[in-house]
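The values are calculated or read from the model by the stated rules, or taken from the named source; none is laboratory data. Just so it is clear, the structure is predicted and the values come from calculations on it, not from any experiment. With ideal geometry, Cβ positions are generated from the backbone for all residues, glycine too; neighbour counts draw on all protein chains shown. Surface accessibility is based on the protein's heavy atoms, side chains included, excluding ligands, DNA and RNA. Shrake-Rupley method; radii C 1.70, N 1.55, O 1.52, S 1.80 Å.
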Amino acid sequence: MMKYLQYDMLEQNNMTFFDCWAADFGEKVTALEIAPEGTGFRFKTRFARFYNLPELMNLWKEATDIQTADMLKLPVPEVEYITVQTEPSQIQKDMVKKLGKRADKVRKRQVDVKIDNLLSITNDGRKLALDQRLMNPLLPDDPDSKVNACVKNVFEMWQKSSAVKGTQIIFCDRAAMRCCT
């Protein structure tokens, strides 16, 4: 946002390139993480945390007016979060192994990136984690899938709150489902 709102200021401070800005306000950390296909681990360097925050905030406040929730004191509704863990089906476990094999081929450059790539594999893994039928609609409906667990909870909450005509909001970002009542 600073590049759009404060380009002149970035130029004056020699921070028009992200690396220059990040050298003043950010720290990179290398950490071990699960590989995108979920079959192993790898080291990855990421922009991890900010430092020199007072200086950064002073620069940012030149273009913005910051109001926090504490300053605004707006009413916030109460939310009940329900977390349900599900186990993968055998079909899902087998398909994850295939995703791992695909990822190995991509890493070894045995497949053209126009045909398959890690982003596509990660996307397939997220779909698979939600419901195996997103990968192949001909696969059977797993009664213990994330989708079915959510449907069960939504129905139970609907029954419990029918007397007061309760409201439910369901968010689905493909990798996980969040239900708020």
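See the values below:
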item: Qualifying positions in the range 128-140 - part of a loop (DSSP other than H, G, I, E, B), open to solvent by 50 Å² or more (accessible area, probe 1.4 Å) and not hydrophobic (A, V, I, L, M, F, W, C); result: ASN136, PRO137, PRO140
item: Residue within the range 141-156 that is of a type in the set (Phe, Trp, Tyr), open to solvent by 100 Å² or more (accessible area, probe 1.4 Å) and either at pLDDT 90 or above or in contact with a Leu (Cβ under 9 Å, 6 or more places away or on another chain) (or both) present; result: yes
item: Residue list for the range 81-127, restricted to those being touching a helix residue (DSSP H, G or I) at 6+ places or on another chain (Cβ under 7 Å) and either in a loop (DSSP other than H, G, I, E, B) or of a type in the set (Lys, Arg) (or both); result: ILE82, VAL84, THR86, SER89, ARG102, VAL111, ASP116, ASN117, LYS127
item: Top-ranked residue in the range 157-170 [being among the aliphatic types (A, V, I, L, M) and assigned to a helix (DSSP H, G or I); ranked as most open to solvent (accessible area, probe 1.4 Å)]; result: VAL164
item: Options THR83, THR122: the member that is within 20 Å of the chain's Cα centre (by Cα), under 30 Å from ILE170 (Cβ atoms), among the β-branched types (Val, Ile, Thr) and open to solvent by 100 Å² or more (accessible area, probe 1.4 Å); result: THR83
item: The listed residue being under 30 Å from LEU130 (Cα atoms) and free of Cβ contacts under 8 Å to residues at least 60 places away in the same chain, out of LYS61, LYS3, LYS44, LYS73; result: LYS44
item: Hits in the range 135-174 (condition: within 30 Å of GLY100 (Cβ to Cβ) and touching a residue at least 40 places away in the same chain (Cβ under 8 Å)); result: MET135, LEU139, PRO140, ASP142, ASP144, SER145, LYS146, ALA149, CYS150, CYS172, ARG174
